[in-house]
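> Here it is, the structure, as structure tokens.
The values are calculated or read from the model by the stated rules, or taken from the named source; none is laboratory data. Remember, it's a predicted structure, so these values are computed and weren't measured experimentally. Neighbour counts are summed over all protein chains in view; Cβ atoms, including those assigned to glycine, are modelled from backbone coordinates with ideal geometry.
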Amino acid sequence: MSPDHGRTQPTVTDRLVQANAEYAAAFTDPGMDARPVLKVAVVACMDARLDLHAALGLELGDCHTIRNAGGVVTDDIIRSLTISQRALGTRSVVLIHHTGCGLLSLTEDFRHEIEAEVGQRPPWAVEAFKDLDQDVRQSMQRVRTSPFLPHRDDVRGFVFDVSTGLLREIDPQR
């Protein structure tokens, strides 16, 4: 079968694959190591409005970027941070939530709705929240108390304002 699989219109994925071909045609291996130059891991929401490299003044190779829905610290985020620190030398963790996050309007009922639709409840928690600042504090606490992470002293949390582009630091003690 042809690469278009019988479709008459290109898909978004087709467009991305074409863009990659153009990128690869001019690509030269920068010769970088997988270890981030700045020894920092940034955990953030997957929201498409967050251009983390631009917002933080980062270049390719500066950091590890770990993203999920909400930017919450889950077991899988701890797994990634553990690998980032223990195998790849990061020392600092920056946590970024943002205004207008979709998890502000979800609840754990989301899992029940999925169960009603497909006949099986997802094994994961939605990790929805009502208070951005408090959820950033909880995420900072999860990182700071993880026994798997050897570097827990430089953990800072922020809320990114999607309207202004500014970060607001969250006091972990409130």
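> Just one of Ile83, Ile77, Ile96 is β-branched (Val, Ile, Thr), modelled with pLDDT of 95 or more and either on the phi > 0 side of the Ramachandran plot or out of contact with any strand residue (DSSP E or B) (no Cβ under 7 Å at 6 or more places or on another chain) (or both); which is it? Spell out the reasoning first.
Numbers: Ile77 fails: either on the phi > 0 side of the Ramachandran plot or out of contact with any strand residue (DSSP E or B) (no Cβ under 7 Å at 6 or more places or on another chain) (or both); Ile96 fails: either on the phi > 0 side of the Ramachandran plot or out of contact with any strand residue (DSSP E or B) (no Cβ under 7 Å at 6 or more places or on another chain) (or both).
After applying the criteria, what remains is Ile83.
> Are any residues in the stretch 136-174 out of contact with any helix residue (DSSP H, G or I) (no Cβ under 8 Å at 6 or more places or on another chain) and hydroxyl-bearing (Ser, Thr, Tyr), and if so, which ones?
Thr145, Ser163, Thr164
> Only one residue in Asp62, Asp76, Asp33, Asp29 is within 29 Å of Gly89 (Cα to Cα), charged (D, E, K, R) and within 14 Å of the chain's Cα centre (by Cα), so which one is that?
Details: Asp62 fails: within 14 Å of the chain's Cα centre (by Cα); Asp33 fails: within 14 Å of the chain's Cα centre (by Cα); Asp29 fails: within 14 Å of the chain's Cα centre (by Cα).
Asp76 is the lone residue from the list that is within 29 Å of Gly89 (Cα to Cα), charged (D, E, K, R) and within 14 Å of the chain's Cα centre (by Cα).
> Further question on the same structure: Output the residues belonging to the stretch 120-161 that are part of a loop (DSSP other than H, G, I, E, B) and either among the small types (Gly, Ala, Ser) or touching a residue at least 60 places away in the same chain (Cβ under 8 Å) (or both).
Ala125, Ala128, Ser146, Phe148, Leu149, Pro150, His151, Asp154, Asp161
> While we're here: Residues that are over 23 Å from Pro147 (Cα atoms), small (Gly, Ala, Ser) and free of Cβ contacts under 8 Å to residues at least 40 places away in the same chain: find the helices (runs of 4 or more DSSP H) completely inside the stretch 1-114 holding 1 or more of those. Let's see the steps before the verdict.
Numbers: elements: 12-26, 52-56, 75-86.
Output list reads 12-26, 52-56.
> Just name the residue that is farthest from Leu52 (Cα to Cα) out of those in the stretch 146-174 that are buried (at least 18 other Cβ atoms within 10 Å of the Cβ) and touching a Pro at 6+ places or on another chain (Cβ under 9 Å).
Val155
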